[in-house]
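Take a look at the structure set out below.
The values are calculated or read from the model by the stated rules, or taken from the named source; none is laboratory data. None of these values were measured; they are calculated from a predicted model. Here the Cβ is made from the backbone with ideal geometry for all residues, glycine too, and neighbour counts use every protein chain on show. These accessible areas exclude ligands, DNA and RNA; they are computed on the full protein's heavy atoms, side chains included. Shrake-Rupley method; radii C 1.70, N 1.55, O 1.52, S 1.80 Å.
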Amino acid sequence: MAAASFVESCIFCKIVKGGISSYKLVETKLSYSFLDVGPLAKGHALIIPKHHAEKMHELEDEYLADVMPIAKKIAKAQGLENYNILQNNGAIAHQQVKHVHFHVIPKPNDSEGLGIIWPQNASKGDELQAYQAELLSKLDGSGKL
């Protein structure tokens, strides 16, 4: 297991270490979750790995593996039928705090929760096939982990 690391100036590191109070929900050896103080809907929660990394690809897999079971527990505890799991990487991708975190955002109706506009770009089959080949060459080639 990778050793936990914290950044003194990071608000999420401060919350995990208890320097800033929060409305804690679930805590494990690797993760900490709490209610968002600026929720998009009642029950909006955050899940934070207990290791400082700005972007998801910089975080050890063990921390990532711990997050989804917590998100599931939070969704089930709230009895959510409709909800979003959101994770942003980088400022232009709407990441506000430079510490990996995941949102569990209830969507109780059309006016509460996360609103998404999804502008689709049409891709041609040959473009997709070429990009698939490029990505597979950078992965292990099999499409499996």
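Before moving on, here are some points about what is shown:
- Vicinal HN-Hα couplings computed from phi for region 4-11 (Karplus, 6.51 cos²θ - 1.76 cosθ + 1.60; Hz; Gly/Pro x): 5, 9, 10, 10, 4, 7, 7, 4
- The peptide list 93-99, 121-127, put in order of mean Cβ contacts within 10 Å with the highest first, becomes 93-99, 121-127.
- Members of Lys50/Lys107; Lys50/Lys76; Lys76/Lys98 lying beyond 25 Å, as alpha-carbon distances in this model show: Lys50/Lys107; Lys76/Lys98
- Each residue, Leu135 and Lys76, gets one label point 7 Å from its Cα in the Cβ direction; the gap between the two is 3.0 nm.
- Here the contact order of the chain, divided by its residue count and restricted to Cα pairs under 8 Å and six or more residues apart, works out to 21 percent.
- Cα centroid separation, region 110-142 to region 1-80: 27 Å.
- Global form of region 10-74, assessed from the alpha-carbon gyration tensor, a/c cut-off 1.5: oblate
- Folded to 0 to 90 degrees: helix 61-77 orientation relative to the chain principal axis, Cα: 60 degrees
- Net charge contributed by nearby residues that have their C-beta within less than 10 Å of Leu30 (K/R +1, D/E -1): -2
- Counting charges near Leu59 (Lys, Arg +1; Asp, Glu -1) among other residues having Cβ under 14 Å from its Cβ returns a value of -3.
- Computed over region 20-89: relative contact order in percent, which uses C-alpha pairs under 8 Å that are six or more apart: 24 percent
- Here's how it looks for Leu25: its modeled amide H is under 5 Å from those of Ser33, Phe34, Leu35, which are all 5 or more places away or on a different chain.
- Taken over region 20-145, the alpha-carbon convex hull comes to 156 cubic angstrom per residue.
- Within the chain, helix-based [θ] at 222 nm, where runs of 4 or more DSSP H residues each add -39,500 (n - 2.57), nearest 500: -8000 deg cm²/dmol
- Ligands, DNA and RNA are left out, and with a 1.4 angstrom probe the accessible area of the chain is 69 Å² per residue.
- Lysines with Cα under 23 Å of Lys138, excluding same-chain neighbours fewer than 8 positions away: Lys55, Lys124
- Seen from Gly90, the other residues with C-beta closer than 11 Å to its C-beta sum to a net charge of +1, counting Lys and Arg as +1 and Asp and Glu as -1.
- Degrees, to the nearest 10: 125-138 long Cα axis against longest axis of the chain: 60 degrees
- Charged-residue dipole, Cβ positions (Lys, Arg, Asp, Glu), the chain about Cα centre, Debye nearest 20: 480 debye
- Sorting 79-86, 64-71, 113-120, 45-52 by their mean Cβ neighbour count within 10 Å, with the most densely packed peptide first, gives 45-52, 64-71, 79-86, 113-120.
- Total charge dipole magnitude, region 52-104, about the Cα centre, Cβ charges on Lys, Arg, Asp, Glu only, Debye to nearest 20: 260 debye
- Extending 7 Å from the Cα toward the beta-carbon at both Glu62 and Ile117 defines two label points whose distance is 4.3 nm.
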